[in-house]
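The next block holds one structure in the form of structure tokens; read it before the comments.
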Amino acid sequence: MRIMLAPSAFHPSRGGVEELTLQLAKDYQHRGHDVTVVVNQHPADLPASDVVEAVQVRRLPFALPGFNPRRLVRYPSYLRSLLGQLDQLGPVPDVVHVQCASSQVVPLALWSARRQVPLIVTTQGEVTMDAGRVYQQSAQMRMSLRFGSRRASVLTACSRRAADDAAGVAQSFQGCRVIPNGVDPTQWKVTPLPAQPTYAAWGRHVPQKGLDLLIQAFSLVRKQLPCAVLRIGGDGPELERLKALAGPGVEFLGTLDRAAVQALMDRSRVAIVPSRLEPFGIVAVEAMACGRGVVWSTNGGLEDATAGLGWGVDPRDPQALAKAMVQAYENPVDPAAARAHAESLSWQHIGDQYLDIYKTTRWRAPSEQRS
């Protein structure tokens, strides 16, 4: 099968959608499928043709016109040119799969219709959970999602919350199938739980991730567990503010690669994901792959990510978050249960679900498109 994966961003950019796309592409290739990743050429100096970990990558100048009058007038001509560039990429794929709808949606919806290729669109929480709030600020982004969703053969979401939020913009997403994001369990190992009250969190230091809420709650935890330690990995624009908020027992570790995250888990009894908004929360699954229980935010898709294991809490309530953290220390999740859940979200299992869709989906003719 020839598969075109079209994420909103890809390597060298780093993030959840980028990693998801890479891992799916590698899994599909391992099964013998022909995979090409087609992504926006941003920044413009990135090569138009590339190979990332043996995955073919093609970069095209996907863009919306904005409200510049000249660009608006030229947009139809731009689309015709872009459709021609898509034609030149090689053999027509058997399926086009958009991951995280952005500027690629309109041209790929038009091109897949022209080539009578099934279009799959997956929302990754971009509608309400993007840190830049692009869907709230751009009517064209909202219109493009509606356009693509009406023409897609199948719509999916990484979590029920992501589906519901997308449905607020494009009603077609209401009740769509949920396929969670995955993890490679073989890259993580379960080690004995430390006896000490050691907590871990990692991710981008941006307001959406709620690390300031965690630091506030941790100060309450220390009143009950004076020897508690909170280690925070990652970097970002909030770092200095977070350091100013932090009290005794809080350590900042900087950017972490996979080996460093494993080392952090080895030293931690509980993982915390305190996001104000989180479309899925792959860090929770990574922690569970290490046999760790998670205190997770109820604001988003983490219930789907964790299957409800651990402690769900609204992190905006510092007393409730602190209480859950103490409970997680005193009554930890069974490491075997945490690991088993992570294994159920292996890339192979996630790939199985998408491939089943690819193999059974047909092109949706104009007369069959959603209203």
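Remarks
- Linear extension gain, Gln116 paired with Ser344, 0.36 nm per residue minus alpha-carbon span: 78.7 nm
- Calculated SAXS-style log₁₀ I(q)/I(0) at q = 0.10, 0.12 Å⁻¹ - the chain, Debye, Cα scatterers: -0.65, -0.90
- Computed over the stretch 237-303, Kirkwood Rh from alpha-carbon pairs, angstrom: 13.2
- The mean sequence separation of alpha-carbon pairs under 8 Å and at least six residues apart, normalised by the residue count of the stretch 185-345, gives a relative contact order of 27 percent.
- Choice from Glu278, Glu238, Glu19 with maximal GNM fluctuation in the chain (Cα, 10 Å cutoff): Glu238
- Over the chain, relative contact order from alpha-carbon pairs under 8 Å, at least 6 apart, %: 15
- If you wrap the Cα atoms of the stretch 127-267 in a convex hull and average its projected area over all directions, you get 11.2 nm².
- Over the C-alpha atoms of the stretch 277-359, the Rg to Rh ratio, Rh being the Kirkwood estimate, stands at 1.05.
- Using the Cβ-Cβ distance between Val52 and Ala244 with R0 set to 45 Å, the FRET efficiency works out to roughly 0.75.
- Mean residue ellipticity (222 nm) of the chain, computed from DSSP H runs ≥ 4 via -39,500 (n - 2.57), nearest 500: -12000 deg cm²/dmol
- Paramagnetic reach from Val134 in the stretch 27-44 [backbone N under 16 Å; point 7 Å along Cα→Cβ]: 38-44
- Rg(Cα)/(2.2 N^0.38 Å) for the stretch 10-103, N = residue count: 1.18
- If only the Cβ of Lys and Arg carry +1 and only the Cβ of Asp and Glu carry -1, the dipole of the stretch 185-345 around its Cα centre is close to 360 debye.
- Summing charges over neighbours of Leu46, with a neighbour being any other residue whose Cβ is under 12 Å away from its Cβ, gives 0 when K and R count +1 and D and E count -1.
- Over all projection directions, the Cα-based convex hull of the stretch 185-345 averages an area of 7.8 nm².
- Candidate cross-link partners of Lys243 among the lysines, defined by an alpha-carbon separation under 18 Å and a same-chain spacing of 8 or more, comprise Lys209.
- Within the straight-line cut-off of under 19 Å between alpha carbons, the lysines reachable from Lys26 are Lys359, sequence neighbours fewer than 8 places apart in one chain being disregarded.
- Kirkwood Rh, angstrom, the stretch 214-272 [1 / mean 1/r, Cα pairs]: 12.2
- Counted over all Cα-Cα pairs of the stretch 169-218, pairs farther apart than 17 Å make up 69 percent.
- DSSP beta bridges in the chain [antiparallel fraction, %, rounded to 5]: 10
- Placing unit charges on the Cβ atoms only, positive for Lys and Arg and negative for Asp and Glu, gives the stretch 233-278 a dipole magnitude near 140 debye about its Cα centre.
Values in this text are rule-based calculations from the coordinates and carry no lab data. Note that this is a predicted model, so its numbers are computed, not measured. Using ideal geometry, Cβ is built from the backbone for each residue, glycine included, and neighbour counts are taken over all protein chains shown.
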